[in-house]
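**Q** Pasting a structure here, questions to come.
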Amino acid sequence: MERSDIPKVILTKVDRNIECLKDFPHITKSGKWITTKDGYWTGGFWVGLLWLCYKMTNNKKYKKMAYSWAKRLEGRRFDKTFDLGFLFYPSFVLGYEVTGDEYLRQVSLDAAKTLSTLLHKKSKFIYYIVDIDGRKVGRTIIDVMMNIPLLWWAFEETGDSVYYDVAYTHSIRTIEEFIRENYSTIHVVDFDLNTGNILRKVTVQGYSNESCWSRGQAWAIYGFTLAYKTTKDKIFLKTAEKLADYFIKYLPKDYIPYWDFNDPKKSVKDSSAAAIASSGLLTLSSLSRQEKFKEIAIRILNSLSKHYLANENEDGILKHGCFHKPAGIGVDECLIWGDYYFMEALMKIRGELE
């Protein structure tokens, strides 16, 4: 199948899901969507997919549906969770960029304001609290790097330095504590709530505490790319490039990573990590002016288009995604964020997105 034919496949799947879905698609089980009423951390990607369909086709039915689903997320803009970026950037920020609607802008700013309050003063991380063996500790994860684009956007939109300062501080601390000497990434950092001291560095969704979970690496590539785009600080560009070099070095022959680069069995792929990375690499290529990143992104997209499209009877767009391998959840399934970033990357290649 030629890549030029893929948008038709995507639109067909989206149209079918519009008719069937009552709640937010999250991951599939045996090819059928498992949904969440409140959107969990992934509801924004379904709304974002609708906005992308509207931007691509100018068909107002996608615009109408995007508004309808976005309004179901609106109340979560005050949730104390770093997932606000995932929830509100693809849904409300992208929607605002497509439509110019002040309502979408204001909800986005409300969510950004909430996110800006989640910086721990001593650890300098955006965080949440978890209970470990009866002790409450602070936790932050590599995924946050792809949530703080909500803060970069809010800074550019308002000029308020609070958004910039929080995003910049967290990004620097991520370089210091999450990135190994070889530019592989750690998944989770736990710290003492009183002192801010690091307690442990572990994985939840990766193979081992010393391994590199491929989706985390993809989040980091894209996140640091966008940090550089806003700040023009060369430390973020260097970091994004080195993270990308690691990702590329360990890709298998078909350019789609295994769920963890260090899994000795190499039996489970994660198409969502590939989709995220491809979109991030396209932006990184334009900022760094290194053509190699675009070339790899195109090879990833070609592989996804030829070998990873879900079957007609499956609800999602990309198959062979891996949500949580250690827990056995969403393994070799469709994942809504994989679908979103696949569409985003395709539209960048087509010149329909920056």
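**Q** Which of the residues that make up region 109-141 are modelled with pLDDT of 95 or more, in a loop (DSSP other than H, G, I, E, B), more than 17 Å from Trp41 (Cα to Cα) and open to solvent by 50 Å² or more (accessible area, probe 1.4 Å)?
**A** Of everything in region 109-141, those that are modelled with pLDDT of 95 or more, in a loop (DSSP other than H, G, I, E, B), more than 17 Å from Trp41 (Cα to Cα) and open to solvent by 50 Å² or more (accessible area, probe 1.4 Å) turn out to be Thr117, Lys121, Lys122, Lys124.
**Q** Taking Lys294, is it under 27 Å from Asn262 (Cα atoms) and out of contact with any Phe, Trp or Tyr (no Cβ under 9 Å at 6 or more places or on another chain)?
**A** yes
**Q** Do we have any residue at all in region 174-187 that's more than 23 Å from Lys122 (Cβ to Cβ), part of a helix (DSSP H, G or I), of a type outside the set (A, V, I, L, M, F, W, C) and at pLDDT 95 or above?
**A** No, there is no match, as no residue in region 174-187 is more than 23 Å from Lys122 (Cβ to Cβ), part of a helix (DSSP H, G or I), of a type outside the set (A, V, I, L, M, F, W, C) and at pLDDT 95 or above.
**Q** Across region 188-197, what is the number of residues that are open to solvent by less than 40 Å² (accessible area, probe 1.4 Å) and assigned to a loop (DSSP other than H, G, I, E, B)? Quick ask: steps written out before the conclusion?
**A** Filtering region 188-197 down to residues open to solvent by less than 40 Å² (accessible area, probe 1.4 Å) leaves 188-192, 196.
Adding the requirement that they be assigned to a loop (DSSP other than H, G, I, E, B) leaves 192, 196.
Residues meeting the conditions: 2.
**Q** Determine whether region 97-108 contains at least one residue that is open to solvent by less than 60 Å² (accessible area, probe 1.4 Å), within 18 Å of the chain's Cα centre (by Cα), under 27 Å from Asp192 (Cβ atoms) and modelled with pLDDT of 95 or more.
**A** So in region 97-108, the residues open to solvent by less than 60 Å² (accessible area, probe 1.4 Å) come out as 98-101, 104-105, 107-108.
Those left that are additionally within 18 Å of the chain's Cα centre (by Cα): 108.
Those left that are additionally under 27 Å from Asp192 (Cβ atoms): none.
Scanning region 97-108 turns up no residue that is open to solvent by less than 60 Å² (accessible area, probe 1.4 Å), within 18 Å of the chain's Cα centre (by Cα), under 27 Å from Asp192 (Cβ atoms) and modelled with pLDDT of 95 or more.
This table checks each residue for (1) in a helix (DSSP H, G or I); (2) modelled with pLDDT of 95 or more; (3) in contact with a Gly (Cβ under 7 Å, 6 or more places away or on another chain); (4) of a type in the set (Gly, Ala, Ser).
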| position | (1), (2), (3), (4) |
| --- | --- |
| Phe236 | yes, yes, no, no |
| Ala240 | yes, yes, no, yes |
| Leu243 | yes, yes, no, no |
| Ile248 | yes, yes, no, no |
| Lys253 | no, yes, no, no |
| Ile256 | no, yes, no, no |
| Pro264 | no, yes, no, no |
| Ser272 | yes, yes, yes, yes |
| Ala275 | yes, yes, yes, yes |
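**Q** Right, next: Condition test on Thr169, is it in a helix (DSSP H, G or I) and either open to solvent by 50 Å² or more (accessible area, probe 1.4 Å) or of a type outside the set (Asp, Glu) (or both)?
**A** Against the criterion (in a helix (DSSP H, G or I) and either open to solvent by 50 Å² or more (accessible area, probe 1.4 Å) or of a type outside the set (Asp, Glu) (or both)), Thr169 qualifies.
**Q** Then there's this: Of the conditions (1) surrounded by 15 or more Cβ atoms within 10 Å (Cβ to Cβ); (2) farther than 24 Å from Thr203 by Cβ, Val144 fails just one. Which one is it?
**A** Evaluating Val144 over (1) surrounded by 15 or more Cβ atoms within 10 Å (Cβ to Cβ); (2) farther than 24 Å from Thr203 by Cβ leaves (2) as the failure.
**Q** Of a type in the set (D, E, K, R), surrounded by fewer than 24 Cβ atoms within 10 Å (Cβ to Cβ) and in contact (Cβ under 8 Å) with a residue 40 or more places away in the chain: does that describe Glu156?
**A** Spelling it out, Glu156 is indeed of a type in the set (D, E, K, R), surrounded by fewer than 24 Cβ atoms within 10 Å (Cβ to Cβ) and in contact (Cβ under 8 Å) with a residue 40 or more places away in the chain.
**Q** Here's something else I'd like to know. Which of the residues that make up region 252-263 are free of Cβ contacts under 8 Å to residues at least 24 places away in the same chain and out of contact with any Lys or Arg (no Cβ under 9 Å at 6 or more places or on another chain)?
**A** The answer is Lys253, and nothing else.
**Q** Just checking, does region 19-35 include any residue being in a helix (DSSP H, G or I) and surrounded by fewer than 22 Cβ atoms within 10 Å (Cβ to Cβ)? Explain how you work it out, then say what you get.
**A** Here is the first cut: in region 19-35, the residues in a helix (DSSP H, G or I) are 19-20.
With the extra rule that they be surrounded by fewer than 22 Cβ atoms within 10 Å (Cβ to Cβ), the set shrinks to 19-20.
Yes.
Residues are listed down the side, and each one gets a yes or a no for (1) within 20 Å of Cys20 (Cβ to Cβ); (2) in contact with a Cys (Cβ under 8 Å, 6 or more places away or on another chain); (3) surrounded by 24 or more Cβ atoms within 10 Å (Cβ to Cβ):
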position	(1), (2), (3)
Asn311	yes, no, no
Leu318	yes, yes, yes
Cys322	no, no, yes
Cys334	yes, no, yes
Trp337	yes, no, yes
Leu346	no, no, yes
Ile349	no, no, no
Leu353	no, no, no
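**Q** Can you pull out the residues in region 198-221 that are hydrophobic (A, V, I, L, M, F, W, C) and either outside any loop (DSSP other than H, G, I, E, B) or buried (at least 24 other Cβ atoms within 10 Å of the Cβ) (or both)? Spell out the reasoning first.
**A** Keep residues of region 198-221 that are hydrophobic (A, V, I, L, M, F, W, C), which gives 198-199, 202, 204, 212-213, 218-221.
Correct list: Ile198, Leu199, Val202, Cys212, Trp213, Ala218, Trp219, Ala220, Ile221.
**Q** For region 70-85, what are the residues that are assigned to a helix (DSSP H, G or I) and surrounded by fewer than 24 Cβ atoms within 10 Å (Cβ to Cβ)?
**A** To start, the set of residues in region 70-85 that are assigned to a helix (DSSP H, G or I) comprises 70-78, 84-85.
Answer for region 70-85, where residues must be assigned to a helix (DSSP H, G or I) and surrounded by fewer than 24 Cβ atoms within 10 Å (Cβ to Cβ): Lys71, Arg72, Leu73, Glu74, Gly75, Arg76, Arg77, Phe78.
**Q** Is one or more of the residues making up region 49-62 within 27 Å of Leu115 (Cβ to Cβ), touching a residue at least 60 places away in the same chain (Cβ under 8 Å), open to solvent by 60 Å² or more (accessible area, probe 1.4 Å) and among the charged types (D, E, K, R)?
**A** yes
**Q** Write out, first by first residue and then by second, each pair whose Cβ atoms fall under 6 Å of each other, whose residues are 6+ apart or on separate chains, and whose first residue, in region 238-250, is of a type in the set (S, T, N, Q) while the second is crowded, with 24+ Cβ neighbours inside 10 Å.
**A** Matching pairs, first to second residue: Thr239/Phe224.
The values are calculated or read from the model by the stated rules, or taken from the named source; none is laboratory data. Small disclaimer: the values here were computed from a predicted structure and weren't measured. Heads up, the Cβs are rebuilt from the backbone with ideal geometry, glycines too, and the neighbour counts pull from every protein chain shown. Heavy atoms of the whole protein, side chains included, go into the accessibility calculation; ligands, DNA and RNA do not. Shrake-Rupley method; radii C 1.70, N 1.55, O 1.52, S 1.80 Å.
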